[in-house]
Each structure stands twice: as structure tokens, then as C-alpha cells.
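Student: Structure below; questions to follow.
Rule-based calculations on the coordinates, nothing more; no lab input. If you're wondering where the values come from, they're calculated on a predicted model, not measured in any experiment. With ideal geometry, Cβ positions are generated from the backbone for all residues, glycine too; neighbour counts draw on all protein chains shown.
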There are 2 protein chains.
Amino acid sequence: MPETAWKHENCEFTGSAIGFRIAAKLDEVLSPFQKIEIFETTDWGNLMLIDGAVMLTGRDNFLYHEMMAHPALFTHPDPRRVVIIGGGDCGTLREVLRHPGVQQVVQCDIDEQVTRMAEKWFPELCESNADPRAQLLFDDGIAYMAGCAPGSVDIVIVDSTDPVGPAEGLFNQAFYASCFRALRADGILVQQSESPLALLDLIRKMRAEMGKAGFAAFATLPFPQPCYPTGWWSCTLARKAGGFDFREDDARGKRFATRYYSAEIHRGALTLPPFVAAALG
Amino acid sequence: MPETAWKHENCEFTGSAIGFRIAAKLDEVLSPFQKIEIFETTDWGNLMLIDGAVMLTGRDNFLYHEMMAHPALFTHPDPRRVVIIGGGDCGTLREVLRHPGVQQVVQCDIDEQVTRMAEKWFPELCESNADPRAQLLFDDGIAYMAGCAPGSVDIVIVDSTDPVGPAEGLFNQAFYASCFRALRADGILVQQSESPLALLDLIRKMRAEMGKAGFAAFATLPFPQPCYPTGWWSCTLARKAGGFDFREDDARGKRFATRYYSAEIHRGALTLPPFVAAALG
């Protein structure tokens, strides 16, 4: 590889591309599920690709991980038991464990190699893996959710790849019905929901499938995420009942630092731009 | 060109790339200042490149143009005379002219060919060019601002390319001093200010130069913009005195449609994420 080359992800379903300037290739592993590659970039820290799709960079993953964790955790009145489906890079786990009231987090990613590569190349994301409250499973998240005791979970976080390949089964009614059953009455499901600019159809379909599984209320929160197609991403929260007012005073007075998330950012993200609101009805 | 190809902009100063899937090349002109190319994309409408850098697509330019115009116009108590420096694609001009109180808008872009290409390939952006309140000049924006009568302008909008090449002189104290002099006491300068993730140093430097020219108050508002490096962009507003509370009731009750801008989006953009606020002091 030349001293500096460019690595592009041409995203077929958005018709747009994202890329980074590469200094070196650091690692590659072919797991039973996917090809995982690690590059050193010139400006974005280390970069993980799965089957050619950008998963994260050392520089901008805080945006995604903070927004996958804190809006849901500050919306639930008292989150104690959290399940993360996917999330093998452990960045979301780290954010969830910042909440002192959380008593147990089960992370279930199908591919152990994602976590092994994260431990090696993104050690800062894995700094909470030894927390006694954390349990790391390497198993099928669909089966895990189907086997959860009913009403045993406060928050399910679906931190997966795109709805193709291993993650396809995490975007349909059957999976959402398992989440619904596992959640307590005031529980929250939160899932990464792709680009609110380019993939509104997908978000609409996700919310419809969640609705068929019994969820009654939805909130899609946009946030910037340079390493994903269009640079603008979202998470979607679903509840059995109730709304998305959050513990704003707790968010404002939180005892841990965040770089993107704040009570004001959370509040702002709850009101969608007109074109997104119109598309989501 | 093959039926579908990909066009990437490798941005040297962010170390990241943006790209679109191309269906056809539509046009190219070499002006006295720069090379302007037009492509048809598969998913993003028409695409304009200047010297290889993405300027706009038909699909996502509304984000930028609305945010370059409406926050400043709803912050000023009664904007009547507006000057746009750059802005040759006429999209910002169109948004400014939606405000019925505006009596005159002078747009001064150095390169007439940008406007001619916009008229041809982005006619929707040029639909207000014949408005009797609009005056299109093709001249040096630096000289234009230097020649403006003192205290004659309510809002100056600097809608330029990056601070290299023709636009370099639009990012320094001398130019800002001309803007300061031309603005009335309650006037507002607003300038596109690049990526709040990758280019915080540049925003800091811009604000310092504006300060040296006499401006006392600054607000940097982030917004998504898929076609620019990192997909996250910003505008920076500067005032001689006073703050950035805006005419929120007027914004809420506006008689024209917007797709991204709303009173709530404006309010949300005024509170920066912690890492941006910390970097800008």
C-alpha cells in the first residue's frame, strides 16, 4: 500500500460514498460470519470495516455510542437491566455502564471476533468489559431475545450492522415481538435506524414492524455520524406506552462526562426537522 | 463512462472522503476562476463540482441553503437590506427572498459561470432570480464589501467555497472589517464555517479574525450536510453587540415552507454539543 491511500465505502443503497485516508492496514480476520479489517487512518484514528462497510473510527464513534445509550437510559425512569444485541465493539456497553443505577448489562453479539478486534485496536471502548455488571455473550441475539424471561428487561439496545447479512433478522416483527415480551411495561427498545436523509423508507418500515409487534410509541433521534453513509444517522426508540419525555434534570446533573450527548442535545433531537417529521407521519 | 461509476472527493484537509454514484456527466466549463462540472447522480439529483470539490446536489442542498438564510434573518429584528457574497448557485438568495420584509438583496459572486450553470442544471434554485428585489452582480466580493456605504446593510451572508483559491480572502480580518463597517449597529454577519467535527481549528480562527475586526458576539450553528466532508457542517453568525435570541414566534408562524429549518431546529442548533462548545471556548 502506498504511504497514503484512500479507502472508500460505496454504499449501494444510498448511492453515496464515505471514505478515509489510510496510513496502513493493521489487521484482518475472517470470522465464521464476516470479514473484519482494521486500518490506521491519517486523521481518524483506527478504522474497522466489516465486509467492506465502515463500522467505526477511533475519532467519531463517540457520537454513535453516546446516542445509542443515553437518550434511552435517561428516558427510562429507573433502568437496571439492560440487554445489548450486537454492539461487539463494546462502545455502547461502556456508555451504559456509566449509569450507576444499572445493575446488569448482557451484551450478545454473534461474532466474538468483533470484540477481540475491538479489544486489540480500540481498547478505550473495552475499558468497562471487566465491570462485574457486564456479561459478554457470543451468541445469536435473535435466539437470546426469544429466550428472555417475560418482563425481565428495562432496556434493549439493538446495536447492529445494516439490515443485510447477519443482522437482517433484527429488523422484523418476530424479533421485535421477542423484545416486547422481554421488556417490562415501562421498558424501552432502542435500535440504530440508519440515515434519516437517505433511508426514511427503512425507518418507516422499522417503526411499522415494531408497531405490529405491539409497540405503541416511537421517537427517532437524528445525530451526526461522519463514518456512516450521508454522515447523518439516527436511533429509534420504541415504548409499549407513554412518551419520550426524559429525566432532563438527571441528564443535566449527570456525574459522568459526555462529548456529544447533553440534556440540550437530547431535547433538540426530539423535534425532527419538518421533512423527516412529514415522512414519518 | 460506465453506466454507473462513483465520483469521490478526497478531502485533504479532513482526511475523509465523500462520494456519489454517477449516471452521466452532463456539462463542464472552465471559467476564468475555476473548473465547474455537472454530473447526473443515481440518487442525489444533479451534482455540481468546482475544482473537484462537491458544491451541491439537487437532493440535499436545502439543508445548507435554509441554514445559511433563516437563522440570521429570524435573529435580526427587521432585515431589509441583505448582501450575499458568493452564493452563485442562487439557493441562498431564494431562501432570503422568502422573507417578505426584505427589500433588497445584492448577490455578488466573482464567477458568473456558477450562476449560468445553476440556471441550466438547478433551475429550482434560480426561480427567484427575476425577483425585483434581487440584484445579481458578478464581481469581486472583497471589493464590493470594501465599497459598501457604512451602516447600510442589515445582513451579510458569506456563502463561499472553502478558504483556498478564490475564497481565501473571505476568511480574514480585512474582509470582516469591511463587513463590520457596512453593517448597521444591529447587523449580522453569517458565514459558512465548515465541519464542526473536523475543522474546529478553522472555526476558532474565523471567530478570532471576526473578533479582531470588531465583532463581539458569535454563534456557530451545526447542521447535517451529506455532500460536504464529514456530512456535518456549520454556519457562524457574528454581531457587533447583543446575543442570538431570535424571533421565535415569527419563525414558528412563518408563511413559507421549509424542509429542514424550523423554530425548534433553530433553538436546538444554538446549544452546541459539549465537545464543540469546549473547543470554541
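Student: For chain A, modelled as a GNM with alpha-carbon contacts under 10 angstrom, which of A:GLY165, A:GLY58, A:GLY87 fluctuates the most?
Tutor: Comparing A:GLY165, A:GLY58, A:GLY87 in the GNM, the peak value goes to A:GLY165.
Student: If you don't mind, another one. Neighbour counts of other C-beta atoms within 10 Å: give me A:GLU168, B:GLU209 arranged from fewest to most.
Tutor: On the way: A:GLU168 14, B:GLU209 18.
Going from sparsest to densest Cβ surroundings: A:GLU168, B:GLU209.
Student: Under 18 Å from the Cα of B:LYS7, which aspartates and glutamates turn up, not counting those fewer than eight places away in the same chain?
Tutor: Cα-Cα hits under 18 Å: A:GLU9, A:GLU12, B:ASP27, B:GLU28, B:GLU37, B:GLU40, B:ASP43, B:ASP51, B:ASP60.
Student: Moving on to the next point. Need one word for segment B:61-280: rounded, prolate or oblate. Basis is the Cα gyration tensor (sqrt eigenvalues a ≥ b ≥ c); a/c below 1.5 gives rounded, then a/b vs b/c decides.
Tutor: Cα axes put segment B:61-280 in the rounded bin.
Student: Give me the dipole magnitude in Debye, nearest 20, for the protein assembly as shown about the Cα centre, with unit charges on the beta carbon: positive for Lys and Arg, negative for Asp and Glu.
Tutor: Computed charge dipole of the protein assembly as shown: roughly 1700 debye.
Student: Given the C-alpha atoms of segment A:163-281, compute the convex hull and give its volume per residue in Å³.
Tutor: That works out to 127 Å³ per residue.
Student: Return B:ARG98, B:ARG81 ranked ascending by Cβ neighbour count within 10 Å, so the fewest neighbours appear first.
Tutor: B:ARG98, B:ARG81
Student: Which of B:THR14, B:THR75, B:THR115 moves the most in a Gaussian network model of chain B with Cα springs under 10 Å?
Tutor: Residue with maximal mean-square fluctuation among B:THR14, B:THR75, B:THR115: B:THR14.
Student: Can you find, among A:LEU73, A:ILE157, A:THR41, the residue sitting farthest towards the positive end of the charge dipole of chain A, where Lys and Arg contribute +1 and Asp and Glu -1 at Cβ?
Tutor: Result: A:LEU73, furthest along the dipole toward the positive end.
Student: Right, next: Note the distances from B:GLU168 to each other copy's matching label point, with points 7 Å along the Cα-to-beta-carbon direction, in nm, sorted shortest first.
Tutor: Output for B:GLU168: 5.3 nm, nearest copy listed first.
Student: Residue by residue through A:271-279, how many Cβ atoms from other chains fall within 10 Å of the Cβ on average?
Tutor: Across the residues of A:271-279, the mean count of other-chain Cβ atoms within 10 Å is 5.
Student: Provide a whole-number value for the mean count of partner chain Cβ atoms within 10 Å of the Cβ atoms in peptide B:38-50. Intermediate values should be presented prior to the final figure.
Tutor: On the way: counts 0, 0, 0, 2, 3, 7, 5, 0, 0, 0, 0, 0, 0.
Per residue, the number of nearby Cβ atoms from other chains is 1 on average.
Student: Sticking with this one: Rounded to the nearest 500, what is chain A's calculated 222 nm mean residue ellipticity when only DSSP H runs of at least 4 contribute -39500 (n - 2.57) each, over all residues?
Tutor: The per-residue figure over chain A is -8000 deg cm²/dmol.
Student: What residues qualify as long-range amide H neighbours of A:TRP6, i.e. H under 5 Å apart, gap of 5 or more or another chain, H built at 1.01 Å from N?
Tutor: Answer set, sorted by chain and number: A:ILE22.
Student: Largest first and to the nearest Å, give the Cα extent of the protein assembly as shown along each principal axis.
Tutor: That works out to 73, 51, 40 Å along the principal axes.
Student: Rounded, prolate or oblate for segment A:100-169? Axes are the square roots of the Cα gyration tensor eigenvalues, ordered a ≥ b ≥ c, and the cut-off for rounded is a/c under 1.5.
Tutor: The shape class here is oblate.
Student: Take B:SER16, A:SER31, B:SER195 and order them by how many other Cβ atoms sit within 10 Å, fewest up front.
Tutor: Least crowded to most crowded, the residues run A:SER31, B:SER195, B:SER16.
Student: Count charges around B:ARG98 for me, please; just the other residues with Cβ under 13 Å from its Cβ, Lys/Arg as +1, Asp/Glu as -1.
Tutor: For residues surrounding B:ARG98, the net value is 0.
Student: Just tell me how shielded A:219-232 is by partners: mean number of partner chain Cβ atoms within 10 Å of each residue's Cβ, no decimals.
Tutor: Across A:219-232, the average partner-chain Cβ count within 10 Å equals 5.
Student: Then there's this: Output wanted: per-residue J couplings in Hz (rounded whole) for segment B:106-114, from phi through Karplus 6.51 cos²θ - 1.76 cosθ + 1.60, θ = phi - 60°, x for Gly and Pro.
Tutor: Result, rounded to whole Hz: 9, 10, 10, 10, 5, 10, 4, 5, 4.
Student: Across segment B:1-159, how large is the tail of the calculated P(r) beyond 27 Å, expressed as a percent of all Cα pairs?
Tutor: Of all Cα-Cα pairs in segment B:1-159, 27 percent lie more than 27 Å apart.
Student: Once the principal axes of the Cα atoms of segment B:53-111 are found, what is the range along each, listed largest first in whole angstroms?
Tutor: 35, 24, 14
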